[in-house]
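Peer 1: One structure is given below, represented as structure tokens, and several questions about it will come after.
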Amino acid sequence: MAGSLGFGMELAGRKALLTGATGGLGRAIAKALAQRGASVALSGRKGEALEALAAELPGDGHRVLVADLAEPGAAEGLAAEAGAVDLLVANAGLPGAGWLLDFTPEQVTRALRVNLESPMLLAQALSPAMIERGSGHLVFVASLAGKSASPLSSIYNATKFGLRGFSLGLRPDLAPKGVGVSLVSPGFIREAGMFADAGAKAPPGLGTGTPEQVAAAVVKAIVEDKVEVTVAPLRQRVLAHIGLASPSIAIRAQSGSAGQKAAGAIADGHSKDKR
Ligand SMILES: NC(=O)c1ccc[n+]([C@@H]2O[C@H](COP(=O)([O-])OP(=O)(O)OC[C@H]3O[C@@H](n4cnc5c(N)ncnc54)[C@H](OP(=O)(O)O)[C@@H]3O)[C@@H](O)[C@H]2O)c1
């Protein structure tokens with residue numbers, strides 16, 4: 001886990017915008033934010049599921065903002081509807097899993113918009129009010145796939161490497177203005193979310209994390225103003241660092257039969273409606 005610049009923010013009484021709230025990780029994040037006293041604007045494409053989640057959350061002031069972030073202009077529209085929030089948790093994501101040539105150009109564009117462009121545009125639209133108040137926090141849910149590439153993940157890797165670069169680059173620009181920027185980088189997450197939904201297994205010996213650990217990492221990132229919080233067992237974290245420091249070694253290791261098998265199972269498991 002990387003260090004802190006020392007701002008940090010308590011969550012009680014804060015207004016948060018959470019994208020991807022209906023997903024496996026989003027639900028856990030929504031709960032964790034609400035449990036600590038934040039009121040959460042829950043966003044996703046499915047109004048009914050969002051309403052049901054809002055009704056389940058502790059505390060009050062929760063809202064539902066339906067938006068399809070793959071549509072042009074949707075991120076700007078969502079930011080305008082959300083109004084002045086203290087916190088953004090940009091968590092919506094598509095798995096972008098599979099062989100590049102199996103994607104239509106439109107599917108490539110959707111993955112880029114949802115995973116990368118929307119978080120950037122939301123940050124751009126929401127940060128001026130935070131700068132004016134001299135306080136706020138932006139959290140981007142990336143992935144270890146933003147540090148280390150793997151087979152059949154070129155589109156997903158591209159979006160998560162991009163999101164990581166965006167967050168790390170934006171942090172020093174906003175820090176002097178009192179606004180924190182953090183990355184939360186999960187590895188394989190069990191029980192719920194896109195990896196669990198794919199029904200695939202993590203490569204042997206790598207282990208998995210839980211949605212609740214991701215939610216706790218989001219809270220920690222905000223409260224302690226962390227640069228990045230990684231949510232994965234030690235082995236996954238070490239391998240991701242090797243991938244970052246020495247891509248050629250990582251690509252050779254991941255292209256072996258175990259790596260190819262795991263990547264193929266993950267790509268096959270992702271339903272094609274998540275494109
Ligand atoms: N699960 C893991 O193992 C894992 C590991 C590393 C990183 N992550 C990252 O964690 C984040 C959450 O993933 P998850 O596992 O919770 O996935 P998930 O269960 O598939 O949920 C994805 C969320 O993104 C939203 N979304 C998808 N397309 C959208 C669109 N066009 N417009 C608006 N919202 C859209 C979905 O909402 P609707 O379908 O309701 O619109 C859903 O709430 C993602 O950024 C993912 O890359 C996950």
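Readers should treat all values here as calculations from the given coordinates under stated rules, not as data from a laboratory. Computed from a predicted model, the values in this text were never measured in an experiment. No Cβ is skipped: glycine too gets one built from the backbone with ideal geometry, and neighbour counts run over all protein chains shown.
Peer 1: Using the Karplus curve 6.51 cos²θ - 1.76 cosθ + 1.60 with θ = phi - 60°, work out ³J(HN,Hα) for each residue of region 122-128 in order, rounded to whole Hz, and write x for Gly and Pro.
Peer 2: Values, residue by residue: 5, 4, 5, 6, 8, 6, x Hz.
Peer 1: Can you pull the Rg over Rh of the chain, Cα-only, Kirkwood?
Peer 2: 0.95
Peer 1: Working from Cα positions, state the angle (0 to 90°, nearest 10) between the long axis of helix 154-174 and the longest principal axis of the chain.
Peer 2: 40 degrees
Peer 1: Rounded, prolate or oblate, given the Cα gyration tensor of region 155-217, with a/c below 1.5 counting as rounded?
Peer 2: Judged from the Cα gyration tensor, region 155-217 comes out prolate (a/c at least 1.5, a/b above b/c).
Peer 1: In percent, how large is the relative contact order of region 21-129, given Cα pairs closer than 8 Å and 6 or more residues apart?
Peer 2: 24 percent
Peer 1: List the extent of the Cα atoms of region 137-253 along each of their three principal axes, largest first, rounded to whole Å.
Peer 2: So the three principal-axis extents are 44, 31, 24 Å.
Peer 1: For region 76-178, take the convex hull of the Cα atoms, compute a quarter of its surface area, and give me that in nm², please.
Peer 2: If I average the Cα hull's projected area over directions, I get 6.5 nm².
Peer 1: Please report the relative contact order for region 167-275, taking Cα pairs under 8 Å with a sequence separation of at least 6, and give it as a percent rounded to a whole number.
Peer 2: Normalised by residue count, the contact order of region 167-275 is 30 percent.
Peer 1: Run a plain Debye calculation on region 217-275 (Cα atoms as equal point scatterers, no solvent) and give log10 I(q)/I(0) at q = 0.12, 0.23, 0.28 Å⁻¹, rounded to two decimals, same order as the q list.
Peer 2: -0.48, -0.96, -1.04
Peer 1: Report ³J(HN,Hα) in whole Hz for each residue of region 206-217, in order, from the Karplus equation J = 6.51 cos²θ - 1.76 cosθ + 1.60 where θ = phi - 60°; Gly and Pro get x.
Peer 2: Running phi through 6.51 cos²θ - 1.76 cosθ + 1.60 with θ = phi - 60° gives 8, x, 9, x, 10, x, 5, 5, 5, 4, 5, 5 Hz.
Peer 1: Same structure, new question: Please compare each pair in K147/K226; K31/K261; K46/K201 to a cut-off of 24 Å on the Cα-Cα distance and tell me which ones are over it.
Peer 2: K31/K261; K46/K201
Peer 1: Moving to a separate point now. What is the angle, in °, between the Cα long axis of helix 234-245 and the longest principal axis of the Cα atoms in the chain? Nearest 10 is fine, range 0 to 90.
Peer 2: Its long axis makes an angle of about 80 degrees.
Peer 1: Okay, next question. Show me the ranking of peptides 17-26, 207-216 by mean Cβ neighbours inside 10 Å, starting with the highest.
Peer 2: Order by mean packing, descending: 17-26, 207-216.
Peer 1: What Kirkwood hydrodynamic radius, in Å, does region 1-150 give when the mean of 1/r is taken over all pairs of distinct Cα atoms and then inverted?
Peer 2: It is 16.0 Å.
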